[in-house]
Structures are given as C-alpha cells and as structure tokens.
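Input: a single structure, listed below in structure tokens.
The values are calculated or read from the model by the stated rules, or taken from the named source; none is laboratory data. Computed from a predicted model, the values in this text were never measured in an experiment. Cβ coordinates were reconstructed from backbone atoms using ideal geometry, including for glycine residues, and neighbour counts include every protein chain displayed.
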Amino acid sequence: MASPVQSKALPTIWEVPCALWSVISNILIQAYPRGKQGGRPRSCFRKIFDGIIYRMRTGAQWNRLPKEFGDDSTVHRWFQRWCKDGIMTKVWSVLATDCDELAGVFWEWQAADTRMGKARFGGDKIGRNPTDRGKAGAKISVLTDQKGGPLSVVTAGANVHDTKLLAETLDAIVLERPQPTTEEPQHLCLDKAYDNPTGHEAVEKRNYIPHIRRIGEEKFDEARNKTRPARRWVVERTLAWLSKCRAILVRYDKKSQNYLGLIQLACALLWFRRLCVFKRF
C-alpha cells in the first residue's frame, strides 16, 4: 500500500484552493491589518495570488497577465511588497510546520543540491554560468527531507561553488529543526561537489551524519537493493519539480529577492499538496 506522501494529492495548482487561501489570508491579515478609517478598498488579494501563480508557472511578462487577475501593475506591486516582507517565506513555513505536526516531515535522511539556470535580464546575484558559455546565470541551492519536501532554499550567481552555499542553505530551514539525538540521528546526503574541507565542516558543525560521495569513487549501483529508502536523488527530483515552473527554470526577475519569492511560493505549494493528503481536504 502506498504511503500518504507517495499518493497523488492534487493536480497542478493554477489557482489558490480554498483550504490554502484560509492559510494565506490569515497571514495577510496579521501582516496588513486594516484600520477603522475609510479609504479606497483593497484589490482582491486572492486574485493577485492567482496571478502570481500563473506568472510563476508560465514565465509570462507581468504586463501580459490575463485581465482576470486585475491590473498587472497592482499584481506586480503587491508581489514585490510580499517578497520584501517575507510573506512567501511565512506561507511556506506555516504549511511545512503543519505537516511537521502531523509527522509529515521526514528528518532522518536529508539531501542538498544545486541547479544552475539562465538569467535573461541580469540583475543582482548572478554570475557567469560555466555550463552555458559564460552567459549570465543564477544558481538555486535546496535542502529537502527524505521524501523530497523542500526545507530551505537560497540563490546565488551561477559561478558560486556549491560548497560556499551549503552552510547558508542548512541555516535557512523555514521551520524548527529538531535536535539530532543518538536515537534519532539526522543524515545528510551530498554529491562529490561537497567533498572538501568546507563542505565537511558545514555538515559536522550542524550535527549531521555526512554521506558525501568521494571524488574519484566509483558509482555504487543501488538499483538492485529495493529495501533501502530514498537518498540523494530526492533533491534532484525536487529541483526538477521546481524547474517545471517557467519563471523558475529561467530567471526573468532582475531582483534576486523577487526570484527567490517565486521559488518560495513553489515550495509552499509542494507542502500544501502533501498537507492535503494528511488532512484530506
């Protein structure tokens, strides 16, 4: 019988479901309380979120958003404000924490990896991509739990080495990480790029049991051993999931803060899908 996390929770999310909106609206109410005085009514935040999700998935220009989402300048303005105020991080954190309370975060085995992509219009936190003829590119560093749920993400230029992002990635977990114990240790799986003193130091300082493939080591064939749980490949799958969003696959945002906000929103949607299985919305 398939575990809850292995079951398909929802089809691709293009609009904010009611269960998700109840979480987001509570966060927005706390962040932007309305005063008693009058004034112009606010735009519909739910439609704005729908517009942001549409843009995240399609990579469309802001001024090409369908009219059903409202004024494109309003959508873009609120999106930038929410990224600046950490709203996307908060939504991600609340959903992941809800999963953790239902024992839906699997801490024992974690994995981290990076992905490079194009940065079409430049901006901050970009660099020369060594795999794309030195063109401007951006890098995403992600940490996941044993089932591929994203726990943290950071961005940098494509020319920044993976190891230099590891400590920042491990410190950017959006929910409270339980302390590893002898009875409940936490393992961290990494590829050969992290096999250096900086990588080993970052792992050991945070009380992980390192599993770093050695440079020059022959690839061990684990395909025949079906009883072993998932290891490092789950983070590669998560990066592939995120790359299905066009605005994440290719960075069109000049501000790295806005690009990170889109990634955080995509991570939040992944946790919402898992939460739906546990809560059966």
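Taking the stretch 175-206 as the range and being farther than 28 Å from Thr97 by Cα and among the hydroxyl-bearing types (Ser, Thr, Tyr) as the test, the residues that pass are Tyr194, Thr198. Between Arg231, Arg177, the distinction of being part of a loop (DSSP other than H, G, I, E, B) and at pLDDT 95 or above belongs to Arg177 only. Listed by first and then second residue, the pairs with beta-carbon distance under 7 Å, at least 6 apart or on different chains, first residue in the stretch 53-78 and over 20 Å from Ile263 (Cβ atoms), second part of a loop (DSSP other than H, G, I, E, B), are Gly70/Ser43; Gly70/Cys44; Asp72/Leu65; Thr74/Ser43. For Thr169, state whether it is buried (at least 17 other Cβ atoms within 10 Å of the Cβ), among the β-branched types (Val, Ile, Thr) and outside any loop (DSSP other than H, G, I, E, B). Yes; evaluated as a whole, the condition is true for this residue.
Take Thr182 and tell me if it is of a type in the set (Val, Ile, Thr) and more than 23 Å from Met116 (Cβ to Cβ). When the stated conditions are applied, Thr182 passes them.
Could you identify the single residue in Glu101, Glu108 that is charged (D, E, K, R) and in contact with an Asp or Glu (Cβ under 8 Å, 6 or more places away or on another chain)? Spell out how you get there, then give the answer.
Details: Glu101 fails: in contact with an Asp or Glu (Cβ under 8 Å, 6 or more places away or on another chain).
On inspection, the qualifying residue turns out to be Glu108.
Is there a residue being touching a Ser or Thr at 6+ places or on another chain (Cβ under 7 Å), part of a loop (DSSP other than H, G, I, E, B), surrounded by 15 or more Cβ atoms within 10 Å (Cβ to Cβ) and modelled with pLDDT of 90 or more anywhere in the stretch 199-220? So far as the stretch 199-220 goes, no, none of its residues is touching a Ser or Thr at 6+ places or on another chain (Cβ under 7 Å), part of a loop (DSSP other than H, G, I, E, B), surrounded by 15 or more Cβ atoms within 10 Å (Cβ to Cβ) and modelled with pLDDT of 90 or more.
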